[in-house]
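Take a look at the structure below.
The values are calculated or read from the model by the stated rules, or taken from the named source; none is laboratory data. These numbers were taken from a predicted model, which means no experiment stands behind them. A quick note on method: Cβ atoms are made from the backbone with ideal geometry, for glycine too, and the neighbour counts reach across all protein chains shown.
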Amino acid sequence: MNQPNNHLDLIDLEKRYGETLAVRGINLSLPENTYCCLLGPSGCGKTSLLRMIAGHEDITNGTVFLDNRNISNEPPAARSTSMMFQSYALFPHLKVIDNVAFALKIMGVGKTERHARAMELLESVQLHTMSQRYPSQLSGGQQQRVALARALITKPKLLLLDEPLSALDPFLRIEMRSELKLLQRQLGITFVHVTHSQEEAMALADVILVMNDGRVEQQGSPIELFTKPRNTFVARFIGGHNVIEGEGLPVSIREDRIKLTPGGSDKVTGVEFLGSVVRLKVISDRGPLTVVQSDMEFTKSKLDLGDQVKASWLKKDQLQLEA
Amino acid sequence: MFDVKRHSATLLSFPFAFVIFAFFVVPLCLVIMVSFWDYNSYSIIPDFIFTNYQDIFYGCVKSLPDLCTSFATYISSLKFVFITWLITLLTGFLVALFLVFCVSTLQMQIVLFLLCTIPFWTSNVIRMISWIPLLGRNGLVNSTMQNIGLTDSPAEWLLYSEFSVTLAFVHLYTLFMVVPIFNSMMRIDRSLIEAAHDAGASSFQTLANIIIPLSRPGIIIGSIFVITIVMGDFITIGVMGGQQIPSVGKIINVEMTYLQFPAAAANAVILIITTLMIIFAMTKLVDIRKEL
């Protein structure tokens with residue numbers, strides 16, 4: 001099912017609502033078959049960006065290219081994209097099979113053929129036994145698979161997912177997350193996935209765009225972002241970093257790179273046991289720090305609330321940030 | 001001991017159940033009961049006879065294909081029901097569609113919705129009668145048409161005609177369509193419209209495949225309102241039809257003024273049955289459409 005012609009290019013994409021700029025000049029070039037996450041706090045413009053790519057939001061300025069074709073002014077269905085909505089937006093009055101086959105019905109495909117093709121897709125998401133049910137008779141996870149099948153029936157080159165996992169409970173979220181990734185690899189198409197959870201983005205993406213205030217703060221693979229956050233916002237949002245004042249500019253130190261030695265002027269103010277690691281809060285002379293220790297390290301140090309310690313780290317672990 | 005907490009739901013249902021029972025079930029049963037009673041010119045006599053029903057349809061089958069009074073009256077009423085239903089459904093649906101999907105802010109929706117209800121601050125009869133100076137022989141419409149040379153003599157069909165009755169029905173009852181359909185449409189999740197658009201549906205396809213099926217409860221409720229009201233109406237038909245057009249309600253009304261309560265009751269029962277049959281047939285019809 002490999003469809004190699006699906007690279008996505010965004011040129012100076014901009015969205016303006018009245019006076020406010022929701023998306024400010026975004027440039028992006030995604031290689032083929034990429035899992036891309038748009039990550040950012042709510043109101044950062046990530047959903048507007050996704051909806052502009054999908055064709056559900058007018059583009060104020062800029063261009064969207066999919067496979068070198070300018071799709072900026074095409075209607076959604078002519079873009080070879082497909083969107084999966086946040087609350088799935090399944091049609092409540094249609095059976096599962098008719099939900100999945102909806103786009104084919106619109107295209108004028110006959111009932112037998114469209115049902116056969118919908119059944120095929122339902123089988124691939126293990127829901128073929130549910131085809132005659134209504135969406136309200138399915139669990140959240142099942143509804144999500146139906147939404148996925150419905151989005152895929154047009155064989156899109158690009159699947160756009162708007163917070164697809166936010167309606168699921170935490171356990172199911174992790175399970176569906178790995179299924180999404182697997183599906184993206186199997187289908188060989190590009191996924192653009194909007195999320196506000198850095199954990200989700202880290203787990204799924206080949207490329208993450210960290211967005212804030214309509215801008216891309218940093219773009220890169222999860223490893224790049226985690227090892228080299230460019231600025232304070234990214235370091236804080238990605239998590240796992242302490243941002244403290246350096247000489248003039250802020251610096252970041254990864255939480256797991258800080259060493260605590262007993263006896264010093266710093267004070268332990270919090271201990272959270274999280275299984276394989278322990279997270280400690282320390283008030284130091286350079287500000288509050290979060291320190292992550294492995295459970296073995298923690299058992300050795302036997303630190304407790306109120307203990308006096310000294311926090312230290314290697315110079316090479318200290319990362320210079322832009323403002 | 002009686003546990004109030006455990007039975008609170010049952011207890012809470014009592015007041016409304018009582019209202020329904022006292023003001024709907026009991027009167028209905030009384031009407032059905034009286035419809036089998038006998039009567040003479042000054043009293044009604046408890047009995048169990050079918051004469052009242054036989055009188056309604058007396059000679060009706062024998063005289064076919066000529067229509068007896070009852071059949072002619074029912075057909076006249078049904079015609080008004082059908083035309084009024086069609087027009088109010090169409091306008092009501094379009095108004096609701098406009099309010100819900102074309103008006104972008106909630107504030108504006110509320111303002112326009114209230115605007116629709118303002119005419120209801122005056123009584124039915126006044127709104128009806130206000131058509132008369134407009135449509136009469138020397139009314140505004142006729143004099144305007146004559147002044148601009150559209151017609152030489154005043155149009156007679158404007159007032160005291162089937163046209164004026166239908167016009168008044170549509171005027172009075174379109175809102176009964178708008179409100180329930182508006183209510184159903186407001187519940188449609190906007191993302192469903194987008195999802196249909198994403199699947200390539202045109203506005204018309206979205207309307208046919210998504211909006212109409214999901215407005216179905218509102219359409220049915222509105223239709224029931226309009227059908228039952230028009231079926232039983234005799235004031236509008238009387239006033240706007242110049243007392244020249246028969247209606248089932250008028251028959252019942254006349255029988256009651258002559259104190260022929262059992263006959264009126266029998267007519268009422270037939271009217272209820274007819275109305276229920278129309279509504280039943282209509283809901284079935286909508287069901288069939290869904291299966292296609």
(request) Tell me which residues, restricted to segment B:120-165, are charged (D, E, K, R) and assigned to a loop (DSSP other than H, G, I, E, B). (result) B:R137, B:D152
(message) Exactly one condition in (1) modelled with pLDDT of 90 or more; (2) over 14 Å from B:A199 (Cβ atoms); (3) in a helix (DSSP H, G or I); (4) not hydrophobic (A, V, I, L, M, F, W, C) is false for A:R114; which is it?
(response) (2)
(message) Within segment B:61-81, take every residue that is part of a loop (DSSP other than H, G, I, E, B) and of a type outside the set (A, V, I, L, M, F, W, C) and give me the one that is surrounded by the fewest Cβ atoms within 10 Å (Cβ to Cβ).
(response) B:P65
(request) Please state which one of B:S13, B:S41, B:S8, B:S70 is small (G, A, S), out of contact with any strand residue (DSSP E or B) (no Cβ under 9 Å at 6 or more places or on another chain) and within 14 Å of B:I270 (Cβ to Cβ). (result) B:S70
(message) Just to confirm my filter: which strands (runs of 3 or more DSSP E) fall fully inside segment A:235-293 and include at least 2 residues that are in contact with a His (Cβ under 7 Å, 6 or more places away or on another chain)?
(response) A:250-254
(request) Looking only at segment A:66-88, decide whether some residue is of a type in the set (S, T, Y), under 30 Å from A:N212 (Cβ atoms) and more than 12 Å from chain B (Cβ to nearest Cβ). (result) yes
(request) Sort through B:T122, B:T88, B:T84 and tell me the only one that's within 29 Å of B:G238 (Cβ to Cβ) and exposed (fewer than 12 other Cβ atoms within 10 Å of the Cβ). (result) B:T122
(message) Condition first: in contact with an Asp or Glu (Cβ under 9 Å, 6 or more places away or on another chain) and within 11 Å of chain B (Cβ to nearest Cβ). Now tell me which residues in segment A:55-65 satisfy that.
(response) A:G55, A:H56
(request) Consider A:M52 carefully, then state whether it is in contact with a strand residue (DSSP E or B) (Cβ under 8 Å, 6 or more places away or on another chain) and either assigned to a loop (DSSP other than H, G, I, E, B) or within 9 Å of another protein chain (Cβ to nearest Cβ) (or both). (result) no
(request) Determine whether segment B:67-84 contains at least one residue that is farther than 30 Å from B:H171 by Cα and modelled with pLDDT under 95. (result) yes
(request) Could you grab me the full set of residues in segment B:179-210 that are in contact with a Leu (Cβ under 7 Å, 6 or more places away or on another chain) and within 11 Å of chain A (Cβ to nearest Cβ)? (result) B:I188, B:I210
(message) Looking at the structure I just gave you, is A:A149 surrounded by 14 or more Cβ atoms within 10 Å (Cβ to Cβ) and more than 12 Å from A:V96 (Cβ to Cβ)?
(response) no
(request) Considering (1) under 30 Å from A:D162 (Cβ atoms); (2) touching a residue at least 40 places away in the same chain (Cβ under 8 Å); (3) crowded, with 17+ Cβ neighbours inside 10 Å, say which one B:D198 fails and leave the rest. (result) (2)
